[in-house]
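Below is one structure, written out as C-alpha cells, with a few remarks after it.
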Amino acid sequence: MGSVSSDQIEQLHRRFKQLSGDQPTIRKENFNNVPDLELNPIRSKIVRAFFDNRNLRKGSSGLADEINFEDFLTIMSYFRPIDTTMDEEQVQLCRKEKLRFLFHMYDSDSDGRITLEEYRNVVEELLSGNPHIEKESARSIADGAMMEAASVCVGQMEPDQVYEGITFDDFLKLSHHPWSSWARVAEEQESWALELVVWHWVWWPECPLGPWPG
C-alpha cells in the first residue's frame, strides 16, 4: 500500500464495512448498493476488476468469488493519490500499476492482449449512454484507434500482416507516445469512471458518507 496513512486505512475500512454490510467479505452483489455505479456505462467492468485475480495478485487469470479487507486494500492501492513525498521513480511506478489495472479491464480473457473485439466492446459500453452515437459509429472509433495502435507499435505493416492486439508493453508505449490519442483518451475515460467511485467515496476522508445506505 506504500505511503497509505492510518487515517486512510480507517476510512477504507469504514467503506469496506458499508459495502459488505459488516460482513468479513464482499461479493459482487454488494456493489449493487453503490449509487455512483448505478448509471455508469462500464459498471460491470469496474465491479469485475475488484475480483480479477490479476489485480488481486493471486494469479494470471480467473475471478475470485469474494474479497476480504486485505484484498480490498490491494485494489484500492492502484488508485491512491500521488503523494508529494514520492520521487519520480515512485510516481512512474504508480502510473504503471494504474495502467496495468486499466489494461486488465480491456483484456477480458486474460490472454495478455487487447484484441479489436475486446476494444470494440469497451468503446461500445462507454458510449452506450450517448444517444447521438450509434453502435456502428462506436465500432468505427474502435477500429480507427486499433489502426493507430498498430501504426505506433508495429510501424509499416505488410499487406497480409495481422495485428493480433495490444500487449501491455504496447499499452505503455501508446500512453507515452507524443501524438497517440489511444491510451490517453481511454485512460481518461475509464479512470474518470473509476475515480468517481474510488476517489470520491474512499480516498477523500472529508467527503461525507452519503448517499450510501445506512
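The values are calculated or read from the model by the stated rules, or taken from the named source; none is laboratory data. A quick note: this is a predicted structure, and the numbers were derived from the prediction, not measured. Cβ: placed from backbone, ideal geometry, glycine included. Neighbour counts: every protein chain shown. To get the accessible areas, we keep the full protein, side chains included, count just its heavy atoms, and leave off ligands, DNA and RNA. Shrake-Rupley method; radii C 1.70, N 1.55, O 1.52, S 1.80 Å.
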*Out of residues 5 or more away from residue 114 or on other chains, whose amide H comes under 5 Å of its own, with H placed 1.01 Å from N in the peptide plane?*
166, 167
_Full-extension gain in nm, residue 82 to residue 58, via 0.36 nm per residue minus C-alpha separation_ = 6.1 nm
*Set the Förster radius R0 to 25 Å, insert the Cβ-Cβ distance between residue 108 and residue 132 as r into 1/(1 + (r/R0)^6), and round the FRET efficiency to 0.05.*
0.40
*Along Cα→Cβ, 7 Å out, is where each label goes; now give me the distance between the ones at residue 161 and residue 90 in nm to one decimal.*
4.2
*Which part of region 75-98 falls in the paramagnetic zone of residue 10, meaning amide N under 18 Å from the point 7 Å along Cα-to-beta-carbon?*
none
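Whole number in Å², please: accessible area per residue of region 1-146, 1.4 Å probe, ligands, DNA and RNA not counted.
Working: 7650 Å² over 146 residues.
With the other protein chains kept in place, region 1-146 gives 52 Å² per residue.
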